[in-house]
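The values are calculated or read from the model by the stated rules, or taken from the named source; none is laboratory data. Keep in mind the model is a prediction, meaning the values are calculated, not measured. Neighbour counts run over all protein chains shown; Cβ positions are idealised from the backbone, glycine included. Keep in mind that these areas ignore ligands, DNA and RNA; they rest on the heavy atoms of the full protein, side chains included. Shrake-Rupley method; radii C 1.70, N 1.55, O 1.52, S 1.80 Å.
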Amino acid sequence: MSLLQVDNVTKTFRGLRAVDDVSFTVEEGTILGIIGPNGAGKTTLFNCIAGAIAPDTGTVRLGGADVTGAAPHKVSRAGMARTFQLMKPFGSMSVLENVAVAAMAHGTSRRTATGTAADVVERVGLSRWRDARSDGLPTAGLKRLELARALASRPRVLLLDEVLAGLLPAERLPVMELLETLRSDDGVTLVFVEHIMAAVMRLSDSVLVLEQGRVLTSGSPAEVTQDPRVIEAYLGEEPAGAGS
Ligand SMILES: Nc1ncnc2c1ncn2[C@@H]1O[C@H](COP(=O)(O)OP(=O)(O)O)[C@@H](O)[C@H]1O
Ligand SMILES: [Mg+2]
C-alpha cells in the first residue's frame, strides 16, 4: 500500500480547472518532485492534499485512511505536514516559540511541545537563532523555520512548496542535504514542488510534471527531463523563477 495515494483530484475556481483529474502515489521513504510552469496548479494540489481546500472530486488517502476534505489539523494528526510557499511565522515571537506553537497545535502539553520544538530547531540547524525574533531572520533562516514548523508535528509525509526559492545558490545545498537526511535518518516521505531543476534531479526518486492542472507525464528524473513535452512546457520559463 502506498503511503500517499491521490486519485482523480480536481479543483475548479470559477470555471478554471486549477487541478484537473490528478492521480499519483508516493511510497513510504521515497521523494517525489513536482514540477510545472507557474500557474500549473502545484500549490492548489498541495492545498487539496493537506486539507487547506477541499477538492471538488477525487480522493486523498494517507496510510490507507481517507483524508479527502479533512480539516488541516486532522490531516496533520493523520501524519502529513506541509510548508507554505508564502511563509507566515509570528514575527514578534522567537524561533523556538514559533515551532512550539506548531507543536502545541497537536494537543500536546506546553512542556512536551517546547521539548519537541528544541529538538526540531536543532535538527534544521537553527540553534544559533533559537531565541531570536523570527522577523529578524534572513530568508534562509525563515525557510528553515518554515521547515521546523512543519516538522514539529513529526509527520510521516512532508509536503514542501518551493523551499529553495529565494535562496542563494550557496544556501541551497545545505537545505537539500537536510531534506536528504530527513528521508534517510528520520524516514520522512517527501513531496516537493520545486523550480530549481538541479534539486529536482538530485533529490527525486520520481517526478510528476503538471501543466495547466493536468499530469503531463511522470517518471524518473532522467526520463521526464528528456521528454520533449516537458522541455516544451518549460520553454520561456525562468528556471530559477520564484513561482506564483
Ligand atoms: N484561491 C484561488 N482562487 C482563484 N483562482 C486560484 C486560486 N488559487 C489558485 N488559483 C488559480 O489556479 C491556477 C493554479 O495556481 P497555483 O496552484 O498557485 O499554481 P502553481 O503553484 O503551479 O504556480 C492559477 O491559474 C491560479 O491563478
Ligand atoms: Mg505555487
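What length, rounded to one decimal in nm, is gained on full extension from Arg111 through to Glu171, with 0.36 nm per residue of separation minus their alpha-carbon distance?
Gain in length upon complete extension: 18.3 nm.
Can you give me the distance in nm between label points at Val101 and Arg154, each placed 7 Å from the Cα along the Cα-to-Cβ direction?
2.3
So if R0 is 22 Å, what FRET efficiency would Met201 and Phe13 give, r being the distance between their Cβ atoms, rounded to the nearest 0.05?
Working from the Cβ atoms, E equals 0.10.
Classify the range 117-173 as rounded, prolate or oblate, taking a ≥ b ≥ c as the square roots of the eigenvalues of its Cα gyration tensor: rounded when a/c is under 1.5, otherwise prolate if a/b is larger than b/c and oblate if not.
Because a/c hits 1.5 or more and a/b fails to exceed b/c, the range 117-173 counts as oblate.
Extending each Cα 7 Å along its Cβ direction at Asp186 and Ala132, get the distance between those two points in nm, one decimal.
2.0
Determine the gain in length on full extension of the stretch Arg229-Met93; use 0.36 nm per residue of separation and subtract their C-alpha separation, reporting nm with one decimal.
Gain on stretching Arg229 to Met93: 44.3 nm.
Taking the Cα centre of the range 87-153 as origin, sum charge times position over the Cβ atoms of Lys and Arg (+1) and Asp and Glu (-1), and report the length of that vector in debye to the nearest 20.
The dipole of the range 87-153 has a size of about 40 debye.
Within the range 13-115, list the trypsin sites (Lys or Arg not before Pro) lying in a DSSP loop whose Cβ has at most 14 other Cβ atoms in a 10 Å radius.
Loop-located and lightly packed - Arg14.
In nm, give the distance between the simple-model label positions of Ser23 and Ser2, each being 7 Å from the Cα along the Cα-to-Cβ direction.
With each label placed 7 Å out from Cα toward Cβ, I get 0.9 nm.
Report, in debye and to the nearest 20, how large the dipole of the chain comes out about its Cα centre when Lys and Arg carry +1 and Asp and Glu carry -1 on their Cβ.
Result for the chain is approximately 940 debye, rounded to the nearest 20.
Accessible area per residue, 1.4 Å probe, Å², for the chain: what's the number?
Computed with neighbouring chains in place, this is 45 Å² per residue.
Helix 139-151 versus the longest principal axis of the chain: what angle, 0 to 90°, nearest 10, using Cα atoms?
Its long axis makes an angle of about 90 degrees.
Would you work out which of Thr30, Gly141, Leu4 lies farthest towards the positive end of the dipole of the chain? Charges go on Cβ: Lys and Arg +1, Asp and Glu -1.
Going by the Cα projections, it comes out as Gly141.
How much of the accessible area of the range 168-213, in percent, comes from carbon and sulfur atoms when a 1.4 Å probe is used?
Within the range 168-213, the accessible surface is 54 percent carbon and sulfur.
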